[in-house]
Amino acid sequence: MRHEIERHGFAIVRKVLTEAKVDELLSTLGHPTGPGRRGLLGLPHVAALARSDRLLGLVSPHLPASPVPVRAIYFEKSPNTNWLVTWHQDLTLALRSRVEVPGFGPWSIKDDIPHVRPPVELLQQMLTVRLHLDDADEANGALRVLPGTHREGRIAPEKIPPLRASREEFICNAAAGDAMLMRPLLLHASSRSKTVRHRRILHIEYASFALPAGLEWHEAA
């Protein structure tokens, strides 16, 4: 798995969650009013899962220092909340307040939460775990990735089409209970669902670095 993440920027791990744990999370998370729900490390069940030996054991080998969960988002793609995500990288951190620090910027606001672009070197010290709470395939909007693009640094929008033309995309099919580990800098996208099935994902981000003085994570378990 370490080789896959270093080379391709992602790996899929089967049966990380039991069926009972998936059911428990679905009951805890409920149904968001829109496509997603942020700030979930404030929920005891989610925080405990993010700090569990199972998840930390998956993440630790791929980071240079001890991982800390710093953000959790719940995505639900369904007939009522069906959306298209264009090709992009995950380039921002969710922080408590805006503080000007060299190398951090520009700033933006998402759901009233300050977000900032950090130096690329810090994004390279992060790893995301996407926990599948439903089966995911091409029909219901499974994630699509361009393997290896995490090694290209921050990619300008005009460079995305040539990369797409030169590399074959991979559709991340997964079963409920599977986990996908991915680098934030990996180019990824997802299509609208073409079925009535749900595609629910618990997305947890881990960092292995301390923020500069003055900056604080918006949430941390």
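Below is a table of values for the structure above.
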item	result
Matching entry among Ala48, Ala72 (being surrounded by fewer than 14 Cβ atoms within 10 Å (Cβ to Cβ), over 30 Å from Glu158 (Cβ atoms) and among the hydrophobic types (A, V, I, L, M, F, W, C))	Ala48
Unmet requirement for Arg154, which otherwise passes all of (1) in contact (Cβ under 8 Å) with a residue 40 or more places away in the chain; (2) outside any loop (DSSP other than H, G, I, E, B); (3) among the charged types (D, E, K, R)	(2)
Conditions (1) in contact with a helix residue (DSSP H, G or I) (Cβ under 9 Å, 6 or more places away or on another chain); (2) surrounded by 20 or more Cβ atoms within 10 Å (Cβ to Cβ); (3) over 20 Å from Ala136 (Cβ atoms): number failed by Val59	(1)
Among the candidates Arg183, Arg199, residue that is more than 19 Å from Gly36 (Cβ to Cβ), buried (at least 21 other Cβ atoms within 10 Å of the Cβ) and not acidic (Asp, Glu)	Arg183
Residue within segment 33-53 that is within 17 Å of the chain's Cα centre (by Cα), modelled with pLDDT under 95, in a strand (DSSP E or B) and closer than 28 Å to Ser193 by Cα present	yes
Hey, Arg192 part of a helix (DSSP H, G or I), farther than 27 Å from Thr18 by Cα and charged (D, E, K, R) or not	no
Residue check, Ala139 out of contact with any strand residue (DSSP E or B) (no Cβ under 9 Å at 6 or more places or on another chain), surrounded by fewer than 15 Cβ atoms within 10 Å (Cβ to Cβ) and under 15 Å from Ser190 (Cα atoms)	yes
Leading residue by the ranking (farthest from Arg183 (Cα to Cα)) among those in segment 94-112 that are of a type in the set (A, V, I, L, M) and crowded, with 17+ Cβ neighbours inside 10 Å	Leu95
Qualifying positions in segment 162-172 - of a type outside the set (Phe, Trp, Tyr), under 19 Å from the mean Cα position of the chain (by Cα) and surrounded by 15 or more Cβ atoms within 10 Å (Cβ to Cβ)	Cys172
Residue check for Leu91: surrounded by fewer than 20 Cβ atoms within 10 Å (Cβ to Cβ), of a type in the set (A, V, I, L, M) and within 24 Å of Arg144 (Cβ to Cβ)	yes
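The values are calculated or read from the model by the stated rules, or taken from the named source; none is laboratory data. For clarity, every value in this text was computed on a predicted model and none was experimentally measured. In this analysis, Cβ positions are derived from the backbone assuming ideal geometry, glycine residues included, and neighbour counts consider all displayed protein chains.
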